[in-house]
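Participant: Have a look at the structure that comes next, please.
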Amino acid sequence: MSDKEILNQSPLGQDTQYVNTYDPELLYPIARDLNWKERGVERKELPFKGVDIWNAYELSWLTQRGKPEVRLAEFRVFADSENIIESKSFKLYLNSFNLSRFDSESDVKARLIEDLSKAAGGRVDVRIYHPDQAPEFGQFTGFCIDNQDIEIEQYTPAPELLKTGEDEVEEVLFSHLLKSNCPVTGQPDWATVGISYSGKEIDREGLLRYIISYREHGDFHEQCVEKIYMDLWERCKPDSLNVYARYVRRGGLDINPFRSNEMEDIDNLRLSRQ
């Protein structure tokens with residue numbers, strides 16, 4: 001089955017019935033390697049590790065006495081898992097807890113870990129916390145490249161825009177101007193992306209042009225970040241590289257992929273747009 005056929009069978013872009021009783025079968029996994037197979041690349045040969053951090057703001061269930069509980073949740077799906085979980089199916093799955101009775105919060109957490117790990121085909125870490133314990137907003141540290149007065153003409157990914165100088169540096173650059181589109185519905189996905197690296201200095205004007213070139217690109221969050229990572233890795237040849245995108249939430253969920261040649265994990269840095 002082709003990537004397009006798999007996407008067409010997903011809940012995205014289709015009318016779906018709202019389900020408010022617990023149903024793990026609502027989760028729709030999509031193989032991570034589909035995107036790379038189309039490019040003739042074996043995913044296991046890619047030079048990065050990482051994690052996809054999901055934040056849920058609409059988790060609720062009933063106690064055994066019928067009283068609603070409401071929580072926020074953090075899910076960490078590691079990049080070495082077999083699948084990504086399609087976001088609308090994730091949302092529908094979480095909604096299915098709304099009129100379901102559970103013995104305790106720990107029971108809910110155990111169900112989440114079991115179901116999501118099965119769908120992802122790999123370990124998923126889950127944290128549940130009370131709304132009064134929500135993390136405060138933070139921000140990327142480093143240099144924001146957005147204030148450059150440059151002319152833009154390219155709105156589809158153009159890795160040829162990436163260039164380096166001769167100086168060796170270690171720095172963190174970030175931009176609030178990353179925008180891509182859902183590959184099925186065409187809905188916009190907005191993000192701040194941070195790039196920390198060591199090696200030949202990356203040309204900032206070219207980097208900003210490159211980030212903006214995603215503006216009409218259709219891909220999932222995870223795939224966009226992996227493409228950004230690989231374009232930087234192959235064209236700029238850094239000694240070390242981390243790419244971290246913090247996407248604006250849709251449907252009560254935000255997705256925040258992190259990829260690195262050194263680190264598997266990263267802090268859940270909630271930004272003001274989230």
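Participant: For the stretch 54-78, name all the residues that are touching a Pro at 6+ places or on another chain (Cβ under 8 Å) and either within 23 Å of Arg270 (Cα to Cα) or not in a strand (DSSP E or B) (or both).
Facilitator: Scanning the stretch 54-78 gives Ser60, Val70, Arg71, Leu72.
Participant: Same structure again: Are any residues in the stretch 33-56 of a type outside the set (A, V, I, L, M, F, W, C) and either more than 19 Å from Ile255 (Cβ to Cβ) or modelled with pLDDT of 95 or more (or both), and if so, which ones?
Facilitator: Lys37, Glu38, Arg39, Gly40, Glu42, Lys44, Glu45, Pro47, Lys49, Gly50, Asp52, Asn55
Participant: Using the structure shown, decide if Phe75 is under 16 Å from the mean Cα position of the chain (by Cα) and aromatic (Phe, Trp, Tyr).
Facilitator: yes
Participant: If you go through the stretch 5-21 one residue at a time, how many are in contact with a strand residue (DSSP E or B) (Cβ under 8 Å, 6 or more places away or on another chain) and either assigned to a loop (DSSP other than H, G, I, E, B) or at pLDDT 80 or above (or both)?
Facilitator: Counting residues in the stretch 5-21 that are in contact with a strand residue (DSSP E or B) (Cβ under 8 Å, 6 or more places away or on another chain) and either assigned to a loop (DSSP other than H, G, I, E, B) or at pLDDT 80 or above (or both) gives 1.
Participant: I'd like the residue in the stretch 115-150 that is touching a residue at least 60 places away in the same chain (Cβ under 8 Å), in contact with a Pro (Cβ under 9 Å, 6 or more places away or on another chain) and not hydrophobic (A, V, I, L, M, F, W, C) and, out of all such residues, is nearest to Glu69 (Cα to Cα).
Facilitator: Within the stretch 115-150, the match that is nearest to Glu69 (Cα to Cα) is Asp115.
Participant: Could you grab me the full set of residues in the stretch 112-127 that are β-branched (Val, Ile, Thr) and surrounded by 18 or more Cβ atoms within 10 Å (Cβ to Cβ)?
Facilitator: Val124, Val126, listed by residue number.
Participant: Kindly indicate the residue of the stretch 149-171 that is more than 27 Å from His217 (Cβ to Cβ) and surrounded by 12 or more Cβ atoms within 10 Å (Cβ to Cβ) and also nearest to the chain's Cα centre (by Cα) among those meeting that condition.
Facilitator: Looking at the filtered set, the residue picked out is Glu170.
Participant: Just checking, how many residues over the stretch 153-204 are in a strand (DSSP E or B) and without any contact (Cβ under 8 Å) to a residue 12 or more places away in the chain?
Facilitator: Number satisfying all stated conditions: 1.
Participant: Given the structure, is Arg273 closer than 23 Å to Glu136 by Cβ and surrounded by 18 or more Cβ atoms within 10 Å (Cβ to Cβ)?
Facilitator: no
Participant: Only one residue in Lys91, Lys109, Lys49, Lys67 is of a type outside the set (Val, Ile, Thr) and surrounded by fewer than 16 Cβ atoms within 10 Å (Cβ to Cβ). Which one?
Facilitator: Criteria check complete, one pass: Lys67.
Participant: Can you tell me which residue is farthest from the chain's Cα centre (by Cα) among those in the stretch 214-230 that are crowded, with 22+ Cβ neighbours inside 10 Å and part of a loop (DSSP other than H, G, I, E, B)?
Facilitator: Top of the filtered list is Tyr214.
Participant: Can you say whether Gln223 is over 27 Å from Arg123 (Cα atoms), in contact (Cβ under 8 Å) with a residue 60 or more places away in the chain and of a type outside the set (Ser, Thr, Tyr), as far as the supplied structure shows?
Facilitator: no
The values are calculated or read from the model by the stated rules, or taken from the named source; none is laboratory data. Being a predicted model, the structure only gives us computed values, none of them experimental. Counting neighbours? That spans all protein chains shown, and the Cβs are built from the backbone with ideal geometry, glycine included.
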